[in-house]
Amino acid sequence: MVCDIVFTSPRARWGFPEIKLGCFPPVACAGLAGSGRTEHAADLILTGRQIDGTEAAAIVSPTKRSEPAKSAPRNSPGRSRT
């Protein structure tokens with residue numbers, strides 16, 4: 001959420017999973033506190049709650065919203081073999 005360009009989709013999951021491991025996210029705290037959305041930042045940082053892309057879009061005004069991609073057929077030219 002702390003970046004110049006933000007992409008999201010309704011199926012995206014946003015949050016700070018390190019909170020559930022007992023780790024403190026100092027960069028997220030500094031960046032989100034300065035974003036003017038302190039109530040949302042505090043909710044995500046203090047609870048470890050995750051939100052979907054639709055809720056994230058309402059909070060951070062993404063540069064681009066996309067719909068979930070349809071899966072590519074196996075062995076198609078645009079699909080990686082890894």
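The values are calculated or read from the model by the stated rules, or taken from the named source; none is laboratory data. In this text the structure is predicted, and so the values were computed from the model without any measurement. A quick note on method: Cβ atoms are made from the backbone with ideal geometry, for glycine too, and the neighbour counts reach across all protein chains shown.
Values for this structure:
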| read-out | value |
| --- | --- |
| Count of residues meeting criterion [assigned to a loop (DSSP other than H, G, I, E, B) and out of contact with any Lys or Arg (no Cβ under 8 Å at 6 or more places or on another chain)] in the stretch 11-32 | 7 |
| Test: residue in the stretch 3-13 that is surrounded by fewer than 14 Cβ atoms within 10 Å (Cβ to Cβ) and at pLDDT below 70 | yes |
| Pair list, Cβ < 8 Å and 6+ apart or interchain, from the stretch 19-42 residues that are surrounded by 11 or more Cβ atoms within 10 Å (Cβ to Cβ) to residues that are at pLDDT 75 or above and among the charged types (D, E, K, R) | P25/E18 |
